[in-house]
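The values are calculated or read from the model by the stated rules, or taken from the named source; none is laboratory data. Here the structure is a predicted model, which is why all the values come from computation and not from measurement. Note that each Cβ is placed from the backbone with ideal geometry, even for glycine, and that neighbours are counted across all protein chains shown. Heavy atoms of the whole protein, side chains included, go into the accessibility calculation; ligands, DNA and RNA do not. Shrake-Rupley method; radii C 1.70, N 1.55, O 1.52, S 1.80 Å.
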Amino acid sequence: MSNPTATRPPQPWTAPTASDPVAATLRLPGSKSMTARALVLGALAGGPSTLARPLRARDTELMAGGLRALGAHMSVSDDDRWLVRPHPLAGPAHVDVGLAGTVMRFLPPVAGLAAGRVTFDGDPHARTRPLGPLIGALRTLGVRIDAPPAGSLPLVVLGAGRVTGGDVVIDASASSQLVSGLLLAAPRFDRGVVVRHEGPPVPSAPHLRMTVQMLRAAGAAVDDTTPDVWTVEPGPLSGRGWEIEPDLSGAAPFFAAALVTGGEVTLQGWPRSSLQPVERLRELLHRMGGEVSLGTGGLTVRGTGTVRGLDADLSDVGELTPVLTALTLLADGPSRLTGIGHIRGHETDRVTALAKEFTALGADIIETRDGLDIRPRPLRGGTFRTYADHRMAHAAAVAGLAVPGIEVDDVACTSKTMPEFPALWSGMVTGKN
């Protein structure tokens, strides 16, 4: 007999409204981007690796599960310390990518190094996410792949146990992950790789810099001195310990809460030198009226209770768009966010989704080809749909600080990158953190 609760829709979550300035000190889970890259590099290394304070969430567990299916040994029972032991990669195997861009773009190049058949598929919307340029690049580098004509999931990598590698041209304007996926596995390719991007600018450049820095930290020789060209020499990768930073994108809504309420939020555990674009977020929050400081206690954001409008190109930090959009709706003047056309290919079309859902709450928000034009006006409560996108839930939570009655249809989607989000958020607003 089927379980009658299995198809029961999620219960709406009422975003808590702040009656006072928030004052909180929090420790957030680790960076999704760093955790994913460390898992891949650990599986391809010549010895064991450890991840200190990694992110345990759906995306990273899918990454660990995919690498385990390919043969790597993963010990993830300890929340604060994961162990990766490399092992010969082999099929047959199946990789469930869920809705994770990192899994669907980082693991096909790894699967090319496995001996055997490896299948990839995931959530229904995953089949619409851009993957064609990666498939074409891998075929050029010598990997046999069966995929739909559109270049999407589901796909099959017919691994030969080795990848020839060499030179390849790719249009990575849809996602920097298309390049990162090739670079992470490249040290194990016979000839390494030279990746040349041709097309509109690659978005999310800080994530590519993170890939290059982590490869070098694992012993790879990487040359990125020529714009839009990345060269990785063949050679061994070293197992090592990785200290995973708190997740910057996950921190953004908490920092935004300080601006909205005129409060103060400190997030503990931030390194003096970060692999994430902390300075860029710091600059954006400062322009919107916040004060940001890094001290021994952590990274602190203070607000004045007044949020200023923002005119900014967010092509390098598109992940921040949903939270910044919510902030601009509460600002003292109009805003324009540009350079975000690529986020149409994220977990959902975030540009359209943000415009549609906030318009339904009374916002004056106009969708453009690569951005949003926003004029603040009073908002009202109502149902806010997330489209299974964690960043949409974050945006609704930020707006809900100042607008009573915003009902988030599926706050559980935040488990993709931060299962603790609803409890942490409510605790911050009520002063119980």
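Data for the structure
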{"quantity": "Low-density loop cleavage sites - GluC sites (Glu not before Pro) in region 180-275, where at most 14 other Cβ are within 10 Å (DSSP)", "calculated": "E198"}
{"quantity": "Within region 122-228, percent of DSSP bridges classed antiparallel, to nearest 5", "calculated": "40 percent"}
{"quantity": "Anchor K416: aspartates and glutamates whose Cα lies under 12 Å away (excluding residues fewer than 8 positions away in-chain)", "calculated": "D59, E61, E347, D389"}
{"quantity": "Accessible area in square angstrom per residue, region 103-238, 1.4 angstrom probe", "calculated": "37 Å²"}
{"quantity": "Hydrodynamic radius of region 203-244 per Kirkwood, over alpha carbon pairs, in Å", "calculated": "11.2 Å"}
{"quantity": "Structure-based [θ]222 nm, the chain - -39500 (n - 2.57) summed over DSSP H runs of at least 4, per residue, nearest 500", "calculated": "-9000 deg cm²/dmol"}
{"quantity": "Trypsin sites (Lys or Arg not before Pro) lying in DSSP loop within region 344-433, provided at most 13 other Cβ fall within 10 Å", "calculated": "R369, R380, K432"}
{"quantity": "Estimated vicinal HN-Hα couplings, Hz - region 329-343 in sequence order (Karplus 6.51, -1.76, 1.60; Gly, Pro = x)", "calculated": "5, 9, 7, 8, x, x, 9, 9, 10, 10, x, 10, x, 5, 6"}
{"quantity": "Cleavage-rule hits (chymotrypsin sites (Phe, Trp or Tyr not before Pro)) in region 67-167: DSSP loop, at most 16 neighbouring Cβ within 10 angstrom", "calculated": "none"}
{"quantity": "Within-13-Å neighbourhood charge of W270 [Cβ basis; K, R +1; D, E -1]", "calculated": "0"}
{"quantity": "Under-5 Å amide H pairs with V95, H placed in peptide plane, nonlocal only", "calculated": "T119, F120, D121"}
{"quantity": "Relative contact order [Cα under 8 Å, 6+ residues apart], the chain, whole percent", "calculated": "18 percent"}
{"quantity": "Student exercise, the chain dipole from Lys, Arg, Asp, Glu Cβ charges, in Debye to nearest 20", "calculated": "620 debye"}
{"quantity": "Neighbour net charge for A355 - beta-carbon separation under 11 angstrom, K R +1, D E -1", "calculated": "-3"}
{"quantity": "For a label point 7 Å along the Cα-to-beta-carbon line of D223, residues of region 158-191 with backbone N under 14 Å", "calculated": "167"}
{"quantity": "Stretch gain in nm, segment T128-R287, where the contour uses 0.36 nm per residue and the Cα spacing is subtracted", "calculated": "53.7 nm"}
{"quantity": "P(r) of the chain over all Cα-Cα pairs, binned every 10 Å from zero, in whole percent", "calculated": "5, 22, 32, 25, 14, 3, 0"}
